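Beneath this line is the structure, given in structure tokens, with notes to follow.
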Amino acid sequence: MGLRDAVRRAGVSRPGVLLVGWPGSTAIRLAAEAELRRLAWRVVDGPAAAGLLVVAGSPESVDTAWLDALRRPMPAPRVVVTLRRPADTRDELAAAAALLAGGGEELESTEERGAASEAHPSTATPHHGHEPEGNQAHEAHDSPDGHDAPESRAGHRDGHAEEQDHGIRSGHAEQDTGSHGGHDMGSHSGHDMGGHAGHDMGETTVAGLPMAERADDRDGLRLDLLHVPLGPALNDWPYGLILRVSLQGDVMQDADVEYVRMQSDRYPFWSEPWLRAAHGDQVTRDCAARRRCGAHLDSLGRLLAVVGWGDFAARARRLRDDVLAGVPAERLRPELLRLARRVARSRTLRWLVAGLGPLPADRAHELGVSGPALTADGDAYDRMRVWLEEISRALDAFDDKRHLETDDVKGPRGSVGGTRPPSRALLDALPELLLGAEFAAARVIVASLDPDIDELVAVPAHEVAHG
């Protein structure tokens, strides 16, 4: 039975799908997004609207409490499917559709269904010795046609239609948080999470939600201080990233960055060509150029989705998939350049994101930032412009069969030649970019940096090469 036939038998034309994942599962996520787009299944923003929870990746010995918090609110019939390999995506979704038709149940991967005696993954002890509350709320996701109700940037500007309705999705603190219930988040090095009030679960709570505290703001006034987590299960959000911000009003007074602690035995997907070349593999320039172009289109799609440009985000992601699939350059060039021109020339888009998260080049250099964020020498809009420029330049290297040099280590997010992944420097830069910004701008700033948590959870490259 085909996927569409199975869904038709279930009595729904397009099941609501909540797509979440673990760090290290980028290739699986891309396969799932492409298949869901082909099927025209609805990607929803929260479990209450989902009949199908699709989990990209399945690490062993890691606490999965945040996934449990996503399962509970899902209405029946419901199915939870775990994707372990990109190649399994179509078969797994077909099996999930058949289960929906039969009333729904939890679905393990193909590998687990073939080995019934296999033990379930164990649960790790929480690193901080506490369990954050399982609050699960998501920001609004783009509708399939991309026409979201426009909202003002950070609550102060009236939006105007250009190519479509635009706007950063602003919201209240209780509504913009991502699920992280009970999960061992693991603090990001350099940010001591032990003293972060409001997440040690020692504060006063009502119905499981933290109450605001009182603290001096920067003007010396005593205002409510609310601690709000974002991630790891948000749409258009880096898999595994957790952000904890302290708010007075809608202004961020403090931010701590964490990520899901685990290990991946794969090269980070986006920087794989350069890491392989550095360790003696023969990698063509065409492969590297397509991976760079695909990475920037993926980042661009995330940023455009966050600001409400659903149609253009979908176009960027479709082109990303075509680039990675090896579609010839002469077929891709006209539409890629057209997309880059439309985005770069949009005064509305510039008005929406300009001024958010400024990162001067000298400060970026001090933090160890490299790649587009260093080259941009500016704000979220400048970083996006660098992506567009690199997308256009990468086109010229498509079909170039010469090999990368071993000392070519400039990946999509910066130099991958050292022991410190470029995305670690991006995470180090993030707290000060958020300080003093309005809460509605947080997701735009994160999307404009787009740190790749895959780089942080990957085992050292030499271990991968000899594994």
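The values are calculated or read from the model by the stated rules, or taken from the named source; none is laboratory data. Just so you know, these numbers come straight off a predicted model, no measurement behind them. Counting neighbours? That spans all protein chains shown, and the Cβs are built from the backbone with ideal geometry, glycine included. Accessible surface areas use protein heavy atoms only, side chains included; no ligands, DNA or RNA. Shrake-Rupley method; radii C 1.70, N 1.55, O 1.52, S 1.80 Å.
Which members of the stretch 61-80 meet the condition of being aliphatic (A, V, I, L, M), farther than 18 Å from ASN235 by Cβ and in contact with a strand residue (DSSP E or B) (Cβ under 9 Å, 6 or more places away or on another chain)?
VAL79
For ALA316, only one of the following conditions fails: (1) buried (at least 24 other Cβ atoms within 10 Å of the Cβ); (2) in contact (Cβ under 8 Å) with a residue 40 or more places away in the chain. What is its number?
(2)
Can you tell me which residues in the stretch 341-357 are open to solvent by less than 10 Å² (accessible area, probe 1.4 Å) and within 18 Å of ARG393 (Cα to Cα)?
Scanning the stretch 341-357 gives a single hit, VAL343.
Residues ALA458, ALA447, ALA442: which one is touching a strand residue (DSSP E or B) at 6+ places or on another chain (Cβ under 8 Å) and at pLDDT 95 or above?
ALA442
Of the residues GLU258, GLU366, GLU272, GLU330, only one is open to solvent by less than 10 Å² (accessible area, probe 1.4 Å) and of a type in the set (Asp, Glu); which?
Exactly one of GLU258, GLU366, GLU272, GLU330 is open to solvent by less than 10 Å² (accessible area, probe 1.4 Å) and of a type in the set (Asp, Glu), namely GLU258.
Could you figure out which of (1) assigned to a helix (DSSP H, G or I); (2) over 30 Å from ARG261 (Cβ atoms); (3) not aliphatic (A, V, I, L, M) isn't true of TRP387?
(2)
For the stretch 403-420, give me each residue that is surrounded by 23 or more Cβ atoms within 10 Å (Cβ to Cβ) and modelled with pLDDT under 95.
Keep residues of the stretch 403-420 that are surrounded by 23 or more Cβ atoms within 10 Å (Cβ to Cβ), which gives 411-414, 416.
Answer for the stretch 403-420, where residues must be surrounded by 23 or more Cβ atoms within 10 Å (Cβ to Cβ) and modelled with pLDDT under 95: just VAL416.
I'd like the residue in the stretch 385-394 that is surrounded by 19 or more Cβ atoms within 10 Å (Cβ to Cβ) and touching a Leu at 6+ places or on another chain (Cβ under 7 Å) and, out of all such residues, is farthest from ALA442 (Cα to Cα).
In this case the residue turns out to be ILE391.
Of all residues being within 26 Å of GLN263 (Cα to Cα) and in contact with a Lys or Arg (Cβ under 9 Å, 6 or more places away or on another chain) in the stretch 63-85, which is modelled with the lowest pLDDT? Just the residue, please. Walk me through it before giving the result.
Initial filter on the stretch 63-85 (within 26 Å of GLN263 (Cα to Cα)): 63-71, 80-85.
After this cut, where a residue has to be in contact with a Lys or Arg (Cβ under 9 Å, 6 or more places away or on another chain) as well, the list is 71, 80, 83.
Numbers: ARG71: 88, VAL80: 91, LEU83: 95.
Across the stretch 63-85, the extreme among qualifying residues is ARG71.
Please specify each residue of the stretch 275-285 satisfying the condition of being open to solvent by less than 60 Å² (accessible area, probe 1.4 Å), at negative phi and part of a loop (DSSP other than H, G, I, E, B).
Within the stretch 275-285, VAL283 is the sole residue that qualifies.
Please pick out the residue among ASP322, ASP400, ASP311, ASP382 that is farther than 18 Å from ASP298 by Cα and either in a helix (DSSP H, G or I) or open to solvent by 10 Å² or more (accessible area, probe 1.4 Å) (or both). Give the steps one after another, and end with the answer.
Values: ASP322 fails: farther than 18 Å from ASP298 by Cα; ASP311 fails: farther than 18 Å from ASP298 by Cα; ASP382 fails: farther than 18 Å from ASP298 by Cα.
ASP400 is the lone residue from the list that is farther than 18 Å from ASP298 by Cα and either in a helix (DSSP H, G or I) or open to solvent by 10 Å² or more (accessible area, probe 1.4 Å) (or both).
Cβ-Cβ under 6 Å, sequence separation 6+ or interchain: first residue in the stretch 392-412 and over 16 Å from HIS279 (Cβ atoms) and in contact (Cβ under 8 Å) with a residue 60 or more places away in the chain, partner open to solvent by 30 Å² or more (accessible area, probe 1.4 Å) and among the β-branched types (Val, Ile, Thr). Which pairs?
Cβ pairs passing all conditions: LYS401/THR284.
Enumerate the pairs (first residue in the stretch 351-372 and over 20 Å from GLU390 (Cβ atoms); second residue anywhere and at pLDDT 95 or above and not aliphatic (A, V, I, L, M)) with beta-carbon separation below 6 Å, excluding pairs fewer than 6 apart on the same chain, so at least 6 apart or on different chains.
Cβ pairs passing all conditions: GLY355/ASP379; LEU356/ASP379; PRO358/ASP379; LEU367/ASP428.
Search the stretch 49-83 for residues being open to solvent by 40 Å² or more (accessible area, probe 1.4 Å) and of a type in the set (D, E, K, R), and hand back the single one that is farthest from GLY231 (Cα to Cα).
Here the answer is ARG78.
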